[in-house]
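The structure under discussion appears below in the form of structure tokens.
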Amino acid sequence: MCHEDSRDAIVKTIFNHTTTIGIRENLCNRFVLSREVKTVDTPYGASQSKKILRI
């Protein structure tokens with residue numbers, strides 16, 4: 001797994017340092033919700049909490 005802009009360098013590294021004769025590539029997209037982190041005071045001290053923002 002790598003970012004697309006690193007792909008060529010990673011492929012060259014794999015071919016240079018392994019005995020493989022082929023590499024299979026699968027592209028994958030990721031979708032994430034926006035979120036914010038809030039600090040909540042508890043009897044045990046401060047704790048961080050993530051809140052998902054509406055889409």
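The values are calculated or read from the model by the stated rules, or taken from the named source; none is laboratory data. On a predicted model such as this, the values are computed, not experimentally measured, just so you know. So basically every Cβ, Gly included, is an ideal-geometry build from the backbone, and we count neighbours across all protein chains shown. Just the protein is used for accessible areas: all its heavy atoms, side chains included, with ligands, DNA and RNA removed. Shrake-Rupley method; radii C 1.70, N 1.55, O 1.52, S 1.80 Å.
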Task: Selection from the range 2-18 of residues that are basic (Lys, Arg) and more than 15 Å from Cys28 (Cβ to Cβ) - done: Lys12
- [ ] Quickly run through the range 29-48 and pick out the residues that are under 20 Å from the mean Cα position of the chain (by Cα) and touching a residue at least 12 places away in the same chain (Cβ under 8 Å).
- [x] Leu33, Ser34, Arg35, Glu36, Val37
Task: Complete set of residues in the range 13-44 that are open to solvent by 100 Å² or more (accessible area, probe 1.4 Å), more than 22 Å from Ile55 (Cα to Cα), assigned to a loop (DSSP other than H, G, I, E, B) and polar (S, T, N, Q) - done: Thr19, Asn26
TODO: May I ask you to verify whether Ser49 is in contact with a Leu (Cβ under 9 Å, 6 or more places away or on another chain) and either of a type in the set (Phe, Trp, Tyr) or open to solvent by less than 100 Å² (accessible area, probe 1.4 Å) (or both)?
DONE: no
- [ ] Would you check if Ile55 is surrounded by 10 or more Cβ atoms within 10 Å (Cβ to Cβ), over 20 Å from the mean Cα position of the chain (by Cα) and assigned to a loop (DSSP other than H, G, I, E, B)?
- [x] no
Task: Condition check for His3: exposed (fewer than 10 other Cβ atoms within 10 Å of the Cβ) and more than 21 Å from the chain's Cα centre (by Cα) - done: no
